[in-house]
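Taking it in order: structure first as structure tokens, then the write-up.
The values are calculated or read from the model by the stated rules, or taken from the named source; none is laboratory data. Keep in mind that this is a model prediction, so the values were computed, not measured. In this analysis, Cβ positions are derived from the backbone assuming ideal geometry, glycine residues included, and neighbour counts consider all displayed protein chains. Ligands, DNA and RNA are excluded from the accessible area calculation, which covers all protein heavy atoms including side chains. Shrake-Rupley method; radii C 1.70, N 1.55, O 1.52, S 1.80 Å.
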Amino acid sequence: MSRSPRENEMDQIKGRIGGLASFKNYSGDKLVTDAEKIADSIRNLKTAQLRRIYGEVKRMEMDFEKSGEFSRDRVVLLKPRLAYAASKKSDVRPLAEIFSKCIDKIGDRDDFRRFVNFFEAILAYHKG
């Protein structure tokens with residue numbers, strides 16, 4: 001069975017993210033281009049489903065800022081939540097797979113901030 005062009009694009013994005021030494025190395029140009037492609041591929045996903053995940057990410061960001069400490073463990077715990085969401089709603093699967101790759105590349109606060117920027121870009125294009 002052949003893969004759709006959209007599936008191939010998502011595989012390329014996952015490969016690009018997987019090849020990063022850390023997430024902060026994701027160039028702004030590629031981040032924006034990839035965010036637009038991802039948003040297009042998840043058009044069927046309801047904004048509320050995206051916002052649920054985004055809400056958790058923003059809570060983490062606020063907690064990290066407030067405490068002055070970064071917790072990689074807390075970020076990694078997003079993976080099972082994403083897997084659960086993908087098991088309940090197949091439209092979440094492409095996003096969960098890409099975010100899982102992103103989480104693997106988050107090692108410090110700067111990586112996490114870049115991830116938040118990426119998520120916000122996806123949200124902006126998804127609404128557009």
Could you pull out the pairs from K14/K66; K89/K127; K58/K89; K37/K88 whose alpha carbons sit more than 29 Å apart here? K14/K66
When the charge dipole of the chain is computed with +1 at the Cβ of Lys and Arg and -1 at the Cβ of Asp and Glu, the Cα pointing farthest to the positive end, of N44, M60, V76, is that of N44
Kindly sort Y54, Y125, Y26, Y84 by accessible area of their heavy atoms, largest first, with the probe set to 1.4 Å. Y84, Y125, Y54, Y26
Could you tell me the ratio Rg/Rh of the chain? Both radii from Cα atoms, Rh via Kirkwood. 0.94
Highest-MSF residue in the chain out of D40, D63, D111 [GNM, Cα springs under 10 Å]: D63
Computed over the chain: longest principal axis from alpha-carbon atoms vs helix 28-41 long axis, angle to nearest 10 degrees, is 50 degrees
Answer rounded, prolate or oblate for the range 3-72, using the Cα gyration tensor with square roots of eigenvalues a ≥ b ≥ c: rounded when a/c is under 1.5, else prolate when a/b is larger than b/c, else oblate. oblate
Treating only Lys and Arg (+1) and Asp and Glu (-1) as charged, each at its beta carbon, one finds that the chain has a dipole about its Cα centre, in Debye to the nearest 20, of 420 debye
Please work out how much length the chain gains when fully extended from K89 to V116, using 0.36 nm per residue of separation minus the C-alpha to C-alpha distance, in nm with one decimal. 7.5 nm
Cα centroids of the range 1-64 and the range 73-107: how far apart, whole angstrom? 10 Å
Carbon and sulfur atoms: what percent of the 1.4 Å accessible area of the chain do they account for? 48 percent
Calculate for the chain the 222 nm mean residue ellipticity that helices alone would give, adding -39,500 (n - 2.57) per DSSP H run of length 4 or more and normalising by residue count, nearest 500 deg cm²/dmol. -24000 deg cm²/dmol
What is the spin-label model distance, in nm, from R59 to N8 if the labels are put 7 Å beyond Cα along the C-beta direction? 4.1 nm
Using a 10 angstrom cutoff on alpha carbons, build the Gaussian network for the chain and name the most mobile of R81, R72, R52. R52
Assign unit charges at the C-beta atoms only (+1 for Lys and Arg, -1 for Asp and Glu), then state the dipole size of the range 1-68 relative to its Cα centre in Debye, rounded to the nearest 20. 200 debye
Just to confirm, what accessible area per residue do you get for the chain at 1.4 Å probe, in whole Å²? 56 Å²
